[in-house]
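The values are calculated or read from the model by the stated rules, or taken from the named source; none is laboratory data. Keep in mind the model is a prediction, meaning the values are calculated, not measured. So basically every Cβ, Gly included, is an ideal-geometry build from the backbone, and we count neighbours across all protein chains shown. Ligands, DNA and RNA are excluded from the accessible area calculation, which covers all protein heavy atoms including side chains. Shrake-Rupley method; radii C 1.70, N 1.55, O 1.52, S 1.80 Å.
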Amino acid sequence: MRNKKLVSYSKYGYIFAIPFVIAFCIFTLYPIIYTFIIGFTDLKGAGKTDWNLLPFTGPKGEKFYIFKNFKEVLTSKSFGKAFKNTCIIWIMNFIPQLGFALLFTAWFTDRRSKVKGTGLFKILMYMPNIITAATLAILFNVLFGYPKGAINDLLNGIYKLFGQTRKSYEFIAHEWSVKSIIAFIQFFQWYGNTMINLIAGVIGISPEIFEAAEIDGANRVQTFFKITIPCIRSIMVYVLVTSLIGGLNMFDIPQLFIDIRCNNAGLTTNMYIRNQAFFGSYMYNRAAAASVIMFIIIVALSALLFYLMRDRDEAKLKKLKKMELRAAKKGL
Amino acid sequence: MSEINVTKKSSIKRNDTGLKVVIYIVSIFFCIMTMFPFVMMLCNSYKSTPEIQASTLALWSAHPIANLKKNWQIINSMDFHPIEGFWNSFLVSTCSTLLNVYFSSLTAYAITAYEWKLKRAFSAIVIGLMMVPATCTTIGFYQMVYKLHLVNNLWMLILPSIAAPMTVFFMKQYLEGALSMEIVESARMDGAGEFRTFNQIVLPIMKPAIATQAIFAYVGSWNNLFMPLILLTDKHKKTLPVMVSLLNGDIYRKEYGAIYLGLFVTVLPLIVVYAFLSKFIVEGVALGAVKG
């Protein structure tokens, strides 16, 4: 009876999913496929839309000429630099981000010291996350200004207190200070978010486990490393995956930190893609090839991380299935 | 034995106060660090350029109102039109948020409430797509939009949000816990059509999830820079983040007060919204973490 009903309504499942599918096909699937194809063509030049697929063998008999754009991207110095920058800046931001987020998580969820005002701390620390990244980038750009900027003023003031003089430093003209500032803005924007995610995970842990640990005489540090961290492992992987994908797509902040003197310190892969496609000689094909390369990297990395995350539950399932089998055998 | 216990307890307590002091100092330091840039932004927005060059850190100005007026004139005299940018951003964010939450709820309902052949494959695809960033499709998307002569059309920023795999996933998780098929069945008994049941019965049940996702969709859309920067070339169509990125140009190099005021104008709505909804937003983030 119930089954019949479900069957008769099943067409609505299709109907209600149609808008999603249509919008997805037009705005995501088609552009992905189109981007893939453009990567194998000669499409370049401002406002051009017609293209020819590259021949498999080139005019001078080069083999695999069809992969020319990919080869050019992978061997180009600026793409290499952009990819390296993207990874370095992401690591420089993620390690302190996770570190401080874990530290605050440990402090704010500690059952023994019961810190007050955590609600307010959380709200203040999360705030930068909703602020427009572009705004933050320019704000920090002027705060780190030279010769007069809030940071230089502040540091000069501190030196003065100790009776010393300090020369203002031109932060945005040096490679590593630019990288550090970009990484710091990312950190500034995301540590609160990571912390709240982790705290939510800790609150989800059954309090009995902590009570048991307390009775067994585990101290704070032991409890945190032996109980809390293993229990929030899946949330940490989730944070890692989202942060990694966000990091590989870094654009807004470094985009606003371009200074010729700092040796392209903040050039990221997304900026490379945009520069190839919409400036100079409008190399849509090369930009598309770079997008495809980034797409493959992101899919591979997130698949790997998802696999790591899934591992445990699957193992549990397998165990359960084995037990069921055994029970069934016994029953026979 | 009991004596040992007592000394142990008291030593823990003494450790506690030391640790607590450290916790409060570090936490307060981080809060100050977080607020510092915003305080600087606010305080410099009503200063004149010579005043800023004298000291960025000074909190007050001699003629705040006059400076504010002058800075406002400077930002408006360049290609920076905060009101227009605000309106464009408002339009794009509002429409795309509405489409995002409505169609995501509908899709999630299709996955949870009905049995259909391709359901499993479909939801697997949705989960798989969650992580694919929009930027990977940029070149193809741009070429498509360009061919259709829809560059500078704000709808090209709005319509893609109908298909938001991340929101669908969240809504699906929520519905699985909150929806009981008996309510749907009884609506059917009363003769309500499937579509009406969704709009009048299911949507109200999903209100908490919709509210959370709407906030994130809104903030995400409001802050988006990459796509608008590529698609919008008409200066009257630019959204607020694109306008903000103009503030970096050389024309403003000397007008520090105007830069600070421009920045302040762009984040003002966000700060106002956050002041009212912060508790709710933080809870929403936590909810998403547990579900995700």
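Quick one: grab the alpha carbon gyration tensor of region B:105-180, order the square roots of its eigenvalues as a ≥ b ≥ c, and give me rounded if a/c is under 1.5, else prolate or oblate depending on whether a/b is larger than b/c. Before the final figure, lay out the partial values.
Working: a/c = 2.71, a/b = 2.32, b/c = 1.17.
Note, shape of region B:105-180 comes out prolate.
What do you reckon, how do B:S186, A:S168 stack up by accessible area (1.4 Å probe), largest on top?
Values: B:S186 60, A:S168 35 Å².
Descending order: B:S186, A:S168.
For region A:135-208 and region B:47-122, what is the separation of their C-alpha centers, rounded to whole Å?
The two parts, judged by their Cα centres, are 23 Å apart.
Please report the carbon-and-sulfur percent of the accessible area for region B:160-265; probe 1.4 Å, protein heavy atoms only, DNA, RNA and ligands left out.
59
Let me confirm one metric for peptide A:24-37, namely the mean number of other chain beta-carbon atoms within 10 Å of its residues' beta-carbons. Each step should come with its number before you reach the end.
On the way: counts 9, 1, 6, 11, 10, 4, 4, 12, 6, 2, 7, 9, 4, 2.
Partner Cβ neighbours, averaged per residue: 6.
Rounded if a/c is under 1.5, else prolate if a/b is larger than b/c, else oblate: which is the protein assembly as shown, with a ≥ b ≥ c the root eigenvalues of its Cα gyration tensor?
Cα axes put the protein assembly as shown in the oblate bin.
Ignoring everything except DSSP H segments at least 4 long, calculate the 222 nm mean residue ellipticity for the protein assembly as shown; use -39,500 (n - 2.57) per segment, divide by total residues, nearest 500.
Working: 28 runs with 438 residues, N = 624.
For the protein assembly as shown, the value works out to -23000 deg cm²/dmol.
I'd like to know which of A:F210, A:T228, A:W190 lies farthest towards the positive end of the charge dipole of region A:175-241, counting +1 on Cβ of Lys and Arg and -1 on Cβ of Asp and Glu.
A:W190
Keeping all protein chains in position, work out how much accessible area A:T165 exposes to a 1.4 Å probe, and write it in Å² to the nearest 10.
Answer for A:T165: close to 130 Å² accessible.
Along the Cα-to-Cβ line of B:N76, 7 Å from the Cα, sits a label point; which residues in region B:263-285 have backbone N less than 13 Å from it?
none
Name the long-range amide H neighbours of A:T41: under 5 Å, sequence gap of 5 or more, or other chain; modelled H, no Pro or chain starts.
Hits under the 5 Å cutoff: A:L54.
Let me know the shape class of region A:41-167, please: from the alpha-carbon gyration tensor, a ≥ b ≥ c as square roots of the eigenvalues, rounded when a/c is under 1.5, otherwise prolate if a/b is greater than b/c, or oblate.
On the way: a/c = 3.05, a/b = 1.97, b/c = 1.55.
Verdict is prolate for region A:41-167.
If you average the alpha carbon positions of region A:29-83 and of region B:181-248, how far apart do those two centres end up, in angstrom?
Value for the Cα centre distance between the two parts: 36 Å.
Compare A:L325, B:L68 by solvent-accessible area with a 1.4 Å probe and give them largest first, with all protein chains kept in place.
Heavy-atom accessible area, descending, gives A:L325, B:L68.
Specify the longest stretch of chain A that does not include any exposed loop site, a site being one of the trypsin sites (Lys or Arg not before Pro) with a non-H, G, I, E, B DSSP assignment and at most 14 other Cβ atoms within 10 Å. Before the final figure, lay out the partial values.
Details: sites that count: A:K48, A:K60, A:K63, A:R111, A:R112, A:K114, A:K116, A:R166, A:K167.
My reading of the result: A:168-332 is the longest stretch.
Rounded to the nearest whole Å², what accessible area per residue is found for the protein assembly as shown with the 1.4 Å probe? If you can, show how the numbers build up before the last one.
Working: 31160 Å² over 624 residues.
Ligands and nucleic acids excluded, the result is 50 Å² per residue.
Counting Lys and Arg as +1 and Asp and Glu as -1, each charge on the Cβ, what is the dipole of chain A about the Cα centre in debye, to the nearest 20? The partial results should precede the final answer.
Numbers: 39 positive and 18 negative charges, 221 e Å.
With Lys and Arg at +1 and Asp and Glu at -1, about 1060 debye.
Comparing the chain by itself with all protein chains present, which residues of region B:81-127 are at least 20 Å² less accessible (probe 1.4 Å)?
B:F103, B:L106, B:T107, B:A110, B:Y114, B:E115, B:W116, B:F122
In whole percent, how big is the carbon plus sulfur part of the accessible area of region A:125-195, probe 1.4 Å, protein atoms only? Present the calculation step by step, with values, prior to reporting the outcome.
Numbers: 1720 of 2710 Å².
Accessible surface attributable to carbon and sulfur in region A:125-195 totals 63 percent.
Taking each pair of different alpha-carbon atoms in region A:179-332 once, compute 1/r for the pair, average those values, and report the inverse of that mean as the Kirkwood hydrodynamic radius in Å to one decimal. Don't jump to the answer; show the numbers that get you there.
Values: mean 1/r = 0.0505 Å⁻¹.
By the Kirkwood definition, the hydrodynamic radius is 19.8 Å.
Report the charge-dipole magnitude of the protein assembly as shown in Debye, nearest 20, computed about the Cα centre from +1 at each Lys and Arg Cβ and -1 at each Asp and Glu Cβ.
Numbers: 62 positive and 33 negative charges, 276 e Å.
Charge dipole, the protein assembly as shown, about its Cα centre: 1320 debye, nearest 20.
In nm, give the distance between the simple-model label positions of A:N263 and B:A275, each being 7 Å from the Cα along the Cα-to-Cβ direction.
4.6
Evaluate the relative contact order of chain A (contact order divided by residue number), counting alpha-carbon pairs under 8 angstrom at least 6 apart; express in whole percent.
Working: 326 pairs, mean separation 86.2, N = 332.
For chain A, the relative contact order is 26 percent.
Residue by residue through region B:101-107, what is 3J(HN,Hα) from phi via Karplus (6.51 cos²θ - 1.76 cosθ + 1.60, θ = phi - 60°)? Round to whole Hz and write x for glycine and proline.
Couplings: 6, 5, 6, 5, 4, 4, 5 Hz.
Please give the total accessible area that chains A and B bury against each other, computed with a 1.4 Å probe and expressed in Å² to the nearest 100. Let's see the in-between values first.
Details: alone 21670 and 18310 Å², together 31160 Å².
Rounded to the nearest hundred, the buried surface is 8800 Å².
Checking the cross-link filter: which lysines have an alpha carbon closer than 16 Å to that of B:K117, excluding same-chain neighbours under 8 positions apart?
Answer for B:K117, where 16 Å is the Cα cut-off: A:K4, A:K5, A:K11, listed by chain and number.
Please report the accessible area of B:H236 (heavy atoms, 1.4 Å probe, ligands and nucleic acids excluded) in Å², nearest 10.
It works out to around 90 Å².
Place +1 on the Cβ of every Lys and Arg and -1 on the Cβ of every Asp and Glu in the protein assembly as shown, take the dipole about the Cα centre, and give the residue among A:I32, B:W116, B:I83 whose Cα lies farthest towards its positive end.
Farthest along the dipole direction, towards plus: B:W116.
Identify which of B:I230, B:I158, B:I215 has the largest mean-square fluctuation in a Gaussian network model of chain B, with springs joining Cα atoms closer than 10 Å.
Fluctuation is largest for B:I230.
Determine the shielding of peptide B:269-276 by partner chains: average, over its residues, the number of Cβ atoms on other chains within 10 angstrom of each Cβ.
Working: counts 0, 5, 3, 0, 1, 6, 2, 0.
What the average comes to for B:269-276 is 2.
Compute the FRET efficiency between A:K77 and B:Q200 as 1/(1 + (r/R0)^6), taking r as their Cβ-Cβ distance and R0 = 56 Å, and round to the nearest 0.05.
On the way: r = 60 Å, r/R0 = 1.08.
After rounding, the FRET efficiency stands at 0.40.
What is the average number of partner chain Cβ atoms found within 10 Å of a Cβ in A:153-160?
Working: counts 7, 4, 0, 1, 2, 0, 0, 0.
Across A:153-160, the average partner-chain Cβ count within 10 Å equals 2.
Hey, what do the phi angles of region A:31-45 turn into as Karplus ³J(HN,Hα) couplings, whole Hz, using 6.51/-1.76/1.60 and θ = phi - 60°, x for Gly and Pro?
Each residue of region A:31-45 in turn: x, 5, 4, 4, 4, 4, 5, 4, x, 9, 10, 9, 5, 8, x Hz.
Dipole size in debye (nearest 20) for chain B around its Cα centre, Lys and Arg Cβ +1, Asp and Glu Cβ -1?
Details: 23 positive and 15 negative charges, 96 e Å.
The dipole of chain B has a size of about 460 debye.
Taking the dipole about the Cα centre of chain B, with the C-beta of Lys and Arg at +1 and of Asp and Glu at -1, give me whichever of B:P208, B:V101, B:V132 is farthest to the positive side.
Going by the charge dipole, the pick is B:V132.
What list of ³J(HN,Hα) values in whole Hz, one per residue of region B:148-156 in order, does the Karplus curve 6.51 cos²θ - 1.76 cosθ + 1.60 (θ = phi - 60°) give from phi, with Gly and Pro shown as x?
So the J values, rounded to whole Hz, are 7, 6, 10, 4, 6, 9, 5, 5, 5.
What lysines could a cross-link reach from B:K237, if we take a straight Cα to Cα line under 28 Å and drop same-chain neighbours fewer than 8 places away?
B:K237 reaches A:K44, A:K48, B:K69, B:K70, B:K147, B:K254.
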